[in-house]
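*Asks:* The structure that follows is given in the form of structure tokens.
The values are calculated or read from the model by the stated rules, or taken from the named source; none is laboratory data. None of the values given here were measured: they were computed from a predicted structure. In this analysis, Cβ positions are derived from the backbone assuming ideal geometry, glycine residues included, and neighbour counts consider all displayed protein chains. Quick note on the areas: whole protein, heavy atoms, side chains included, nothing else; ligands and nucleic acids left out. Shrake-Rupley method; radii C 1.70, N 1.55, O 1.52, S 1.80 Å.
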Amino acid sequence: MENIEKAKNIIKKVLQYDDNTIEKVKISEALETLLKNEEIPKTIKDDIKYIDGLSSAKKRAFLKYILNILETIKKEEKEKETIFFEKLSINELEKILIENLKILKPIEKKALKKVGATNIRKALYYFPVRYEDKRIKKIKQVKEGESGVFKVEVESIKKVNRGRIKVEVLLKDDTGSLKAYFVHDKPFLFNIFTKGKKLLVGGKVSIFRGEKNIFQPEVYNIEDSIIIDRIVPVYSLRGDSSIKTSSQTINHLRRAIFKLLKRYSKYIDEYMPKYILEKYKLPEIVEAIRRIHFPLSSENIDLLNDYETRYQIRFIFEELFLLQLAQEYRRYMLMQEQAEQIITNEDFIEKFEEKLPFELTNAQKKAIKEILEDIKKPIPMNRMVQGDVGSGKTIVAMAASYATALNKKQVAVMAPTEILAKQHFNNFKNILEPLGIKIALLTGSITGKEKKNLLKHIKNGDIDIVIGTHALIQDNVEFKNLSLVIVDEQHRFGVEQRKILTEKSHKSPHTLVMTATPIPRTLAMTYYGDLDVSIINELPKGRKPVKTFLLYEDERKNLYKMMKEELDKGRQAFVVYPLIEESEKTDLKSAEEGFKHYQEAFPDKKVVMLHGKMKQEEKDKIMEDFKNKKADILVSTTVIEVGVDVPNASIMVIEEAHRFGLSQIHQLRGRIGRGQYEGYCFLIIPSEFRKPSEDKTKENQRRRTLERLKVLVKTTDGFKIAEKDLEFRGSGDLVGTAQSGRFNFSIADLDRPLDRRIIKFAKEEAKKIIEEDPQLKDYPQLRQLLFDKYGDRFELSTVA
Ligand code: ADP
Ligand code: MG
């Protein structure tokens, strides 16, 4: 290109010479060198060497001819930059950077930059969060609460003094009139609204005593087809906080995306399987991507704002489908790996039960059976056991460990804290040691010679079951034949850590994850879709359900009376304050104040405190002391360890219960009533919740809170409670913020019932594809998308 420019410049210069000079000038060689490697017609290249010898007229004509040719080459090249004759894959869209585009104005590029859309893919997939109705409507048509834009003529404008209202403007179209109100009387209003002026105003219309009103309407003086007379997308402008926004930023963004859609959307290659789109009547990508940003005027705006149009559903489906594909693919890949076969006799469960001080529940037996079925296969098990606190998951893990040890293979049991590891160790020892199984505890506090010795015995296989904390995944721990990995409380244990442990064995170990958070099926499918699930939905016989009471703040005296009775009998109590994430200081303060308060209320009892700011060892120490009855009341923020057994505790007080998720409280109350004593749980809520509020929103809140908390009084079924939680508060509480943020959905939202229904179909289709075409050979684009988005998270590439 550069050479062509140089050649052109030489030619242009020569053409300016007079005839005499032109005839003498020698340029053949220079042009030949410059154009040697350029794509120009060969006949010209061949003729260039004769230029020098031509007469002035002929030379001039020939040079003009070459110049012409060179100019057209440049033009073609330029057009090639923006016109595609082929389809573009999503990945190719990613390579076109916004900053290099000529079709966008700098201010539009800035708006895209603000929201992090640095390439076309990101810009086109920056979906609206909602839509505004800016269709031009007749005043007569519009109903109460409806929005629109109106082509009106100003009838009159006057200052008024009616409460907040300072200016009233009467507007008219050929069907009716509309009063606009303003809370200020700035002079510019009187310039905009002069009698007889025609303009466009937009906003939400309300009807009062038969009159139509519009409050502080927006005024448009141009008919801009991108932002007026249509349903307009509203984008979130959060993003790079160093880039300032103005009231016009959103319009720049709208225009930018509109232009990009116009120029590029038609080239986007469909990546979703056609048969799926047809089956679910979902629009193809080109239509969907256009309509999700700029819906047709005939679209129902309520459907749009509920994320229920076909265009939105297509992207929701797509996103959930991709996640399910990742999980099914991972599942498939794991099945290609080899694992040790753990074989057990028919009567294994019966024989194991004989060694226990109690009978297994049916749910426990079923879970054990499912695990034994899995681990007898030469492919790795990947299973999660879900069950309420106290449902007896430890025994299930123990059975699997016992089976593995009988096969002369090793087991690693990972607990999130030292105290839990110790507790498991003692439980395992009590039951399995008499059966000849060697069990060891490996935690951070075991050091020196003791540790060296332990590591040696793990390495040579003397030890069958190692129970530990993070110390277990440290580099210097080596196993002889690690074949089963058990992880207690999954959310504290990342994929990374599990991976390291997996690498410590020759073949892929079977893995068993245990979690005390029952979650609804749809959520389990989403977040743990790569795992098989066993559910323990039954508590051991004879266990009395915890009695739960709702108490108002002003009934605190009653609480103390009941607490005192229990404490005097020698029982212990937990008091839990909410953790308010944004302000760790405040919750520390409320727990601290609560601590003092309880000390004053129970002067003859020992009250201790536990909070999130403490080091793990410090927390473990306090828990340990409490467990050993060195204190009567434990005040804490929600950090008390799920899973720690304090058989002597019979009371759980939840302060400010309205701030908690139901499942959270359910887990907390599962801490008590596990021994021989009946458990009591008290949910404390503010006294103002007692009386109906005059404020509508507050009253709604109050009712919902009471309705929600009453679920806990009525039921002790963790799964039912989880369903209610999902209904009332969304999925965040259930899977934890870390989990729910884990997949970074851009449009799917499992808090919407429709999306939860979609996930089932997405799963079905993902399963089918992976069964038929596990490597996604027929869908290279899908495969690419999958690896780009989930490759790291699911370790897809390492197994591929
Ligand atoms: P979680 O599911 O919360 O981990 P655990 O496994 O710690 O529950 O069990 C809670 C308590 O119930 C333990 O003390 C355990 O010994 C006891 N337990 C477990 N299974 C049974 C059963 N089938 N019958 C009676 N008690 C049981
Ligand atoms: Mg447990």
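*Asks:* Can you show me the helix-derived [θ] at 222 nm for the chain, built from DSSP H runs with n ≥ 4 at -39,500 (n - 2.57) apiece and divided by the number of residues, rounded to the nearest 500.
*Replies:* On the way: 31 runs with 352 residues, N = 800.
It lands at -13500 deg cm²/dmol.
*Asks:* Projecting each Cα onto the charge dipole of the chain (Lys/Arg +1, Asp/Glu -1 at the beta carbon, about the Cα centre), which of THR447, PRO380, GLY239 comes out farthest on the positive side?
*Replies:* Of the candidates, GLY239 comes out farthest on the positive side.
*Asks:* If you don't mind, another one. Note down the net charge around ARG290, summing +1 for each Lys or Arg and -1 for each Asp or Glu among other residues with Cβ under 11 Å from its Cβ. Please list the in-between numbers first.
*Replies:* Working: positive: LYS262, LYS266, ARG291; negative: GLU284, GLU287.
Counting the neighbours of ARG290, the net charge comes to +1.
*Asks:* The range 184-234: Rg/Rh from Cα coordinates, Kirkwood Rh?
*Replies:* Working: Rg = 13.1 Å, Rh = 13.0 Å.
Rg/Rh for the range 184-234 comes to 1.00.
*Asks:* Per q in 0.17, 0.24, 0.25 1/Å, what log10 I(q)/I(0) does a Debye calculation on the alpha-carbon atoms of the range 466-565 return?
*Replies:* Ignoring solvent entirely, the Cα scatterers give -0.89, -1.29, -1.35.
*Asks:* Here is a further query. Is there a quick way to get the dipole size of the range 348-536? I mean about its Cα centre, with the Cβ of Lys and Arg at +1 and of Asp and Glu at -1; what is the value in debye to the nearest 20? Kindly include the intermediate steps, with their values, before the conclusion.
*Replies:* Details: 26 positive and 21 negative charges, 102 e Å.
Taking the Cα centre of the range 348-536 as origin, the dipole is about 480 debye.
*Asks:* To continue, here is another question. Counting residues in the range 2-80 as N, plug N into 2.2 N^0.38 Å and put the Cα Rg over that result.
*Replies:* Normalised Cα radius of gyration, the range 2-80: 1.05.
*Asks:* Right, here's the next one. Tell me the per residue accessible area of the range 348-536 using a 1.4 Å probe; a whole number in Å² is fine.
*Replies:* Values: 7180 Å² over 189 residues.
Solvent-accessible surface per residue comes out at 38 Å².
*Asks:* Could you give the dipole magnitude of the chain about its Cα centre, charging the beta-carbon of Lys and Arg +1 and that of Asp and Glu -1, in debye to the nearest 20? Mind dumping the intermediate values first?
*Replies:* Working: 145 positive and 123 negative charges, 450 e Å.
Value, rounded to 20: 2160 debye.
*Asks:* Tell me, rounded to the nearest percent, the portion of alpha carbon pairs in the chain spaced more than 46 Å apart.
*Replies:* Roughly 46 percent, rounded to a whole number.
*Asks:* Related question: Expressed as a whole percent, how much of the Cα-Cα distance distribution for the range 547-715 exceeds 28 Å?
*Replies:* On the way: 2693 of 14196 pairs.
Taking all Cα-Cα pairs of the range 547-715, the fraction more than 28 Å apart is 19 percent.
*Asks:* Next question, about the same structure. Taking only C-alpha pairs under 8 Å that are 6+ residues apart, what is the relative contact order of the range 547-715 in percent?
*Replies:* Reported as a whole number, the value is 32 percent.
*Asks:* Give me the angle, in degrees from 0 to 90, between the Cα long axis of helix 362-375 and the longest principal axis of the Cα atoms of the chain, rounded to the nearest 10.
*Replies:* Between the helix axis and the principal axis of the chain, the angle is about 60 degrees.
*Asks:* Kindly flag which residue pairs out of LYS369/LYS459; LYS451/LYS613; LYS137/LYS158; LYS12/LYS105 have an alpha-carbon separation exceeding 27 Å in this structure.
*Replies:* On the way: LYS369/LYS459 30 Å; LYS451/LYS613 29 Å; LYS137/LYS158 25 Å; LYS12/LYS105 33 Å.
Violating the 27 Å limit, Cα to Cα: LYS369/LYS459; LYS451/LYS613; LYS12/LYS105.
*Asks:* Using a 1.4 Å probe on the protein heavy atoms, what percent of the accessible area of the chain belongs to carbon and sulfur?
*Replies:* On the way: 19710 of 39790 Å².
The computed percentage sits at 50.
*Asks:* Ranked highest first by average number of other Cβ atoms within 10 Å, how do 443-454, 650-661 line up?
*Replies:* Those peptides, ordered most packed to least, come out 650-661, 443-454.
*Asks:* Between 0 and 90 degrees, rounded to the nearest ten: what's the tilt of helix 448-459 against the longest Cα principal axis of the chain?
*Replies:* The answer is roughly 80 degrees.
*Asks:* For VAL575, list long-range residues whose amide hydrogen, built 1.01 Å from N in the peptide plane, is under 5 Å from its own amide hydrogen.
*Replies:* Excluding prolines and chain starts, which carry no amide H, the hits are LEU634, VAL635, SER636, VAL653.
*Asks:* Could you state the orientation-averaged shadow area of the convex hull built on the Cα atoms of the range 55-202, in nm² to one decimal? Don't jump to the answer; show the numbers that get you there.
*Replies:* Values: hull surface 73.3 nm².
With the hull built on Cα positions only, its mean projection is 18.3 nm².
*Asks:* Taking only protein heavy atoms into account and a 1.4 Å probe, give the accessible area per residue of the range 547-715 in Å².
*Replies:* Details: 8520 Å² over 169 residues.
So the range 547-715 comes to 50 Å² accessible per residue, rounded to a whole number.
*Asks:* Right, here's the next one. Given GLY53, THR43, LEU15, which one lies farthest toward the positive end of the charge dipole of the range 2-80, if we put +1 on the Cβ of every Lys and Arg and -1 on the Cβ of every Asp and Glu?
*Replies:* Highest projection toward the positive end goes to LEU15.
*Asks:* Where does helix 249-264 land angle-wise versus the long Cα axis of the chain, in degrees 0 to 90, nearest 10?
*Replies:* Approximately 70 degrees, to the nearest 10.
*Asks:* Remind me, relative contact order of the chain in percent, using alpha carbon pairs under 8 angstrom and six or more residues apart?
*Replies:* For the chain, the relative contact order is 11 percent.
*Asks:* Right, next: What does the convex hull of the Cα atoms of the range 348-536 come to per residue, in Å³, rounded to a whole number? List each step's numbers first, then the result.
*Replies:* On the way: hull volume 20.7 nm³, N = 189.
Value for the range 348-536: 110 Å³ per residue.
*Asks:* Take the alpha carbon gyration tensor of the range 195-337, find the square roots of its eigenvalues, order them as a ≥ b ≥ c, and report rounded if a/c is under 1.5; if not, report prolate when a/b exceeds b/c, else oblate. Kindly include the intermediate steps, with their values, before the conclusion.
*Replies:* Values: a/c = 2.42, a/b = 2.11, b/c = 1.15.
It is prolate, given that a/c is not under 1.5 and a/b is the larger ratio.
*Asks:* Next question, about the same structure. So, with +1 on the Cβ of K and R and -1 on the Cβ of D and E, and no other charges, what is the size of the charge dipole of the range 136-228 about its Cα centre, to the nearest 20 debye?
*Replies:* Numbers: 19 positive and 12 negative charges, 74 e Å.
So the dipole magnitude of the range 136-228 works out to roughly 360 debye.
*Asks:* Please quote Rg/Rh for the range 136-228 to two decimal places, taking the Kirkwood radius as Rh and restricting both calculations to Cα atoms. Working shown, then result.
*Replies:* Numbers: Rg = 12.4 Å, Rh = 13.3 Å.
Dividing the radius of gyration by the Kirkwood radius yields 0.94.
*Asks:* Less than 12 Å Cβ to Cβ from ILE342, Lys/Arg counted +1 and Asp/Glu -1: what total charge do the surrounding residues give? Could the numbers behind the result be given before it?
*Replies:* On the way: positive: LYS376, LYS377, LYS408, LYS409, LYS507; negative: GLU340, GLU373, ASP374.
Once all neighbours under 12 Å are counted, the net charge is +2.
*Asks:* Counting Lys and Arg as +1 and Asp and Glu as -1, what is the net charge of the other residues whose Cβ lies under 11 Å from the Cβ of LYS621? Don't skip to the end; give the middle numbers.
*Replies:* Numbers: positive: LYS615, LYS619, LYS627, LYS630; negative: GLU418, GLU617, GLU618, ASP620, GLU624, ASP625.
Summing Lys and Arg as +1 and Asp and Glu as -1 gives -2.
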